[in-house]
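In what follows, a structure is listed as structure tokens, so that the remarks can point back to it.
The values are calculated or read from the model by the stated rules, or taken from the named source; none is laboratory data. Keep in mind it's a predicted model, so treat the numbers as computed, not measured. Positions of Cβ are generated from backbone atoms using ideal geometry, with glycine treated the same way; all protein chains shown enter the neighbour counts. Accessible surface areas use protein heavy atoms only, side chains included; no ligands, DNA or RNA. Shrake-Rupley method; radii C 1.70, N 1.55, O 1.52, S 1.80 Å.
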Amino acid sequence: MKIALQILKPLLLQTNLVTEEQFNKALELSKRTGQSVSDLLISQGVITQDYLIDLLSKFFNTPRVKISGKEINSEFLNLIPEDIARARNAIIFDKKDDYIYLAVTDPTDLESINFIQRYTNLSAKVFLTTDDDLKSAFALYRKQLTENFANIIEDNLRKVSIIEGMNLTDAASEMPIVSLFDTIVIYAYSLSASDIHIERLSDAILIRFRVDGILREIVRLPQEIHNAIVARVKILAGLQIDEHYRAQDGRFKYQKGDDAFDVRVSILPTFYGEKINMRLLLGSIKPMSFEELGMEKDTIEVMDANVKRSYGMILVTGPTGSGKTTTLYSVLSKLNRPEVNIVTVEDPIEYELRYINQVQVNTKSGLDFANGLRSILRQDPNIIMVGEIRDSETAAIATNAALTGHLVLSTLHTNDATTAIPRLFDLGVQPFLVSATINAVIAQRLVRKICRNCIESYKLPNETKSAIERQFKNSSLKKKNYSVPAELYRGKGCKICNYTGYKGRVAIYEIFNVTEDMRIFIQSPEFSLDGLREIAGKYNMVSLFEDGVRKAQTGQTSIEEVFRVIKE
């Protein structure tokens with residue numbers, strides 16, 4: 001939300017919720033990160049979005065409207081095209097007589113309001129809404145594409161006969177294939193899919209999207225067009241079209257109208273033909289605060305204490321796609337200050353961060369994690385982020401960097417936080433180095449959030465209560481007896497969540513904060529994983545399951561979703 005500072009500052013200061021020092025700090029951070037002051041104050045928990053909107057609504061004498069979850073008539077929605085709506089940060093949600101009802105986030109943007117009035121040749125009644133509400137309403141434009149998806153696919157399939165007999169390069173550039181591919185990508189984007197899978201079966205092409213961590217079958221296409229679609233992807237990603245028996249990786253920027261994002265491509269030869277995976281990388285996403293990530297108060301306190309340290313190592317663990325990089329970017333955003341030099345080596349660079357030097361791994365030119373890390377150490381860094389520790393050489397350089405006055409952030413593939421210690425031993429790092437350098441290890445998973453539009457409470461059946469009790473009883477952290485709640489929450493299913501009961505994801509966390517007695521135990525001959533977990537339990541370390549249950553109790557996710565993700 002971008003409100004003029006000369007209006008925003010006195011308005012917030014007079015409420016006594018924001019001090020001048022807090023405002024000035026947010027202003028300084030705003031200049032470095034490019035985020036608005038109001039967004040930063042909200043993400044820091046100084047004020048809430050609802051409070052700010054109510055404050056602005058009274059100040060501008062502009063009524064507030066909540067359009068999230070509203071069914072907006074397509075007749076009103078299409079009075080202005082999507083690209084204009086997004087560019088002007090406004091949407092028409094109703095029309096009465098010669099008036100349009102216009103929702104905006106900045107009522108002082110008279111240029112945009114007047115432009116829309118001229119474009120529609122109608123007068124506007126202006127309403128104030130939140131950024132989140134507006135983004136939710138923009139998704140309704142995509143809903144029209146969703147409703148027409150099958151028709152668009154079928155229409156293009158009728159035209160693909162024109163590619164018969166063509167070579168692959170020409171066929172991949174013909175309109176039916178181009179339109180078919182664009183429709184699939186835009187549809188995936190509209191569903192907020194993270195991945196597109198295009199798989200060759202014995203008798204068809206299977207298209208699947210990963211939405212909120214779950215793979216969904218979307219459509220099956222005739223196998224005859226498989227080679228043309230693969231060629232289309234290879235052309236965009238700059239890969240070899242005539243190579244069919246070797247795995248290839250590439251990347252391209254997709255732009256269609258107002259939408260622009262990077263797509264990471266992986267092509268793998270399989271029994272029936274080449275399989276494509278495309279990961280949609282929305283590089284414009286801003287790093288989130290710890291609160292926005294879903295960290296609870298006790299976890300945030302431990303994180304804040306560790307990011308203030310000037311040296312040592314913070315590791316984030318979890319499987320692929322569990323949000324590890326997003327968490328690291330949030331840490332980097334918190335550490336991004338004029339007086340520190342931050343350098344990263346990543347594969348790939350998923351988000352662009354201002355004032356941070358980001359290095360892309362390029363194995364073809366010999367720039368891998370280990371070599372990149374060596375080069376970084378010659379760049380006078382204060383803080384280093386290594387995308388992943390995956391070999392002994394990278395592990396050795398990273399731990400030595402952490403030992404010599406640098407704060408090192410990285411990821412590691414382990415099942416939980418404490419297992420990171422023996423994993424580093426396996427990579428050849430000496431116990432005394434692990435003991436001296438590790439400050440904290442965060443394990444995380446992503447669980448689906450209950451749809452806010454159809455959430456309901458329910459009484460737990462006895463079998464669910466027993467399952468929760470068994471999980472706590474069998475926990476390696478040996479917690480005290482846990483009282484199972486009588487009620488939890490679930491989503492009934494509605495149009496907004498496509499009748500799944502879930503919309504969006506949130507992380508659950510387990511943070512292993514290394515204390516002095518743990519450091520002594522790590523390098524002792526009696527070290528064992530069970531012994532380390534016993535010490536961690538004495539310090540009330542919260543397990544992934546326990547954090548999941550906490551989020552289930554507050555209605556952020558369901559207990560079934562926690563069990564699905566943890567699977568212990």
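Note on the range 184-242: Rg/Rh from Cα positions, Kirkwood definition for Rh, rounded to two decimals, is 0.99.
Per the 1.4 Å probe, what fraction of the accessible area of the range 282-345, in percent, lies on carbon and sulfur atoms?
Values: 1410 of 2570 Å².
Whole-percent figure for carbon plus sulfur exposure: 55.
Per-residue Karplus couplings for the range 221-234, computed as 6.51 cos²θ - 1.76 cosθ + 1.60 with θ equal to phi - 60°, are listed in order as 10, x, 5, 4, 9, 4, 4, 5, 5, 4, 4, 4, 5, 5 Hz, Gly and Pro entered as x.
Normalised by residue count, the range 409-493 yields a Cα convex hull volume of 156 Å³ per residue. In terms of overall dimensions, the C-alpha atoms belonging to the range 72-187 reach 58, 26, 24 Å along their principal axes, ordered largest to smallest. Of interest is the spacing of the C-alpha centroids, which for the range 351-388 and the range 534-568 amounts to 34 Å. Summarising the label geometry, the points placed 7 Å from Cα in the beta-carbon direction at Leu110 and Ser123 lie 1.7 nm from one another. Net charge within 13 Å of Pro348 by Cβ-Cβ distance, Lys/Arg positive one each and Asp/Glu negative one each, not counting Pro348 itself? So the environment of Pro348 carries a net charge of -3.
Could you tell me the calculated FRET efficiency between Asp54 and Ser466, based on Cβ-Cβ distance and R0 = 30 angstrom, to the nearest 0.05? Show your work: numbers first, answer last.
Values: r = 45 Å, r/R0 = 1.50.
Once rounded, the FRET efficiency stands at 0.10.
Once you have the Cα-Cα distance between Gln553 and Lys297, take 0.36 nm times their residue separation minus that, and quote the gain in nm to one decimal.
Numbers: separation 256, 0.36 × 256 = 92.16 nm, distance 1.53 nm.
90.6 nm is the gain from fully extending Gln553 to Lys297.
Taking only the C-alpha atoms of the range 319-465, the Rg (one decimal) and the largest Cα-Cα distance, Dmax (whole number), read 18.3, 60 Å. Label-to-label distance, Ala139 versus Arg378, with points set 7 angstrom from Cα along the beta-carbon direction: 4.8 nm.
Rounded to the nearest angstrom and listed largest first, the equivalent-ellipsoid semi-axes of the range 25-67 from its Cα gyration tensor are 23, 10, 9.
Scaled to the compact-protein estimate 2.2 N^0.38 Å, what is the alpha-carbon radius of gyration of the range 300-361, rounded to two decimal places? Write out the running numbers ahead of the final one.
Details: Rg = 12.1 Å, N = 62, 2.2 N^0.38 = 10.6 Å.
For the range 300-361, the normalised Cα radius of gyration comes out at 1.15.
Net charge in the neighbourhood of Ala172 (other residues with Cβ under 10 Å of its Cβ; Lys, Arg +1, Asp, Glu -1) is 0.
Counting helices only, and only those DSSP H runs with n ≥ 4, report the 222 nm mean residue ellipticity of the chain as the sum of -39,500 (n - 2.57) divided by its residues, in deg cm²/dmol to the nearest 500.
Numbers: 23 runs with 235 residues, N = 568.
Helix-only estimate at 222 nm: -12000 deg cm²/dmol.
I need the fraction of alpha carbon pairs in the range 427-568 separated by more than 22 Å, rounded to a whole percent. Kindly include the intermediate steps, with their values, before the conclusion.
On the way: 4806 of 10011 pairs.
Percent of Cα pairs beyond 22 Å in the range 427-568: 48.
Across the range 140-252, Cα-Cα pairs more than 16 Å apart make up 62 percent of the total. The Kirkwood radius of the range 241-386, taken over pairs of alpha-carbon atoms, gives through the Stokes-Einstein law at 37 °C and 0.692 mPa s a diffusion coefficient of 187 µm² s⁻¹. Solvent-accessible surface of the range 463-568, averaged per residue with a 1.4 angstrom probe and all protein chains in place: 54 square angstrom.
If the viscosity is 0.692 mPa s and the temperature 37 °C, what Stokes-Einstein diffusion coefficient in µm²/s follows for the range 1-124 when Rh is the Kirkwood radius over Cα pairs? Please list the in-between numbers first.
Details: Rh = 16.0 Å.
D = 205 µm²/s.
In this rough spin-label picture, where each label sits 7 Å from Cα along the Cβ direction, the Lys31-Leu268 distance is 4.9 nm.
Divided by 2.2 N^0.38 Å, where N counts the residues, the Cα radius of gyration of the chain comes to 1.06. Per-residue Karplus couplings for the range 361-368, computed as 6.51 cos²θ - 1.76 cosθ + 1.60 with θ equal to phi - 60°, are listed in order as 4, 9, 5, 4, 9, x, 8, 9 Hz, Gly and Pro entered as x. Spatially, the range 1-56 and the range 228-270 are offset by 42 Å when compared through their Cα centroids. Once divided by 2.2 N^0.38 Å, the Cα radius of gyration of the range 376-437 becomes 1.07.
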